[in-house]
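Colleague: Below is one structure. I have some questions about it.
The values are calculated or read from the model by the stated rules, or taken from the named source; none is laboratory data. Treat the numbers as computed from the prediction; the structure is a model and nothing was measured. Here Cβ is always computed from backbone atoms with ideal geometry, including for glycine, and neighbour counts include all displayed protein chains.
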Amino acid sequence: MATPMSPTHLGIERDNTSNTGTKLVVKKRIITARKTVYALMGAGLHGLNGVNPKAAIHLIQTYVIPRLLCGLDVITLTIEDIKNLSTYFRKLLRQIQHLPDRTANVASHLLLGRITIESEIHKRILKTFGNIIRNENSIDSHQTAGNKIFSIW
């Protein structure tokens, strides 16, 4: 039986040719997010004649970010992967606000009240960790509860 070079499990594609096993995952997630943004253009997520930036960020939060970050909280991302995600997300935020590319990174996030994509990934990692710890049937929750490392409420 032949072993595939890039198997997919639960929507996460692993790549056996890279050190971390996730060489192409981030690139494919960005492509998927870009396709989602293009699909939302019919709903008004586009240039000057589209919906206002507050409604646009709601569409992005609801549809684009879940597609962009699906499964990235359970794999090890390299600095280059996080840089690519951040660049794509900042460019998207600037486009919906009609800001030039020279605009400061902080300004593009602050005007919409959004956190960075790296912070969003960290938030999802902590959420996953909390779900594992709170699960009474989890092996990890029994080990940490016995060692008093993490208390639940």
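Colleague: Any idea which of (1) in a loop (DSSP other than H, G, I, E, B); (2) at pLDDT below 85; (3) loosely packed, with under 12 Cβ neighbours inside 10 Å is the one I115 doesn't satisfy?
Modeller: Failing condition for I115: (2).
Colleague: Quick check: anything in segment 59-80 small (G, A, S) and within 20 Å of N105 (Cα to Cα)?
Modeller: No, that holds for no residue.
Colleague: Identify, please: which residue in segment 70-112 is of a type in the set (S, T, Y) and outside any loop (DSSP other than H, G, I, E, B) and is, among those, modelled with the lowest pLDDT?
Modeller: Across segment 70-112, the extreme among qualifying residues is S108.
Colleague: Also: Specify the residue that is nearest to the chain's Cα centre (by Cα); the eligible residues are those in segment 66-100 that are more than 21 Å from M41 (Cα to Cα) and without any contact (Cβ under 8 Å) to a residue 12 or more places away in the chain.
Modeller: K83
Colleague: In addition: Across segment 118-148, which residue is modelled with the lowest pLDDT among those that are farther than 30 Å from T87 by Cβ and basic (K, R)?
Modeller: K148
Colleague: Mind counting the residues in segment 40-69 that are assigned to a loop (DSSP other than H, G, I, E, B) and crowded, with 16+ Cβ neighbours inside 10 Å? Break it down into steps so the answer makes sense when it comes.
Modeller: Narrowing segment 40-69 to residues assigned to a loop (DSSP other than H, G, I, E, B): 44-52.
Now narrow it down to the ones that are crowded, with 16+ Cβ neighbours inside 10 Å: 45-46, 50-51.
Going through segment 40-69 one residue at a time, the tally reaches 4.
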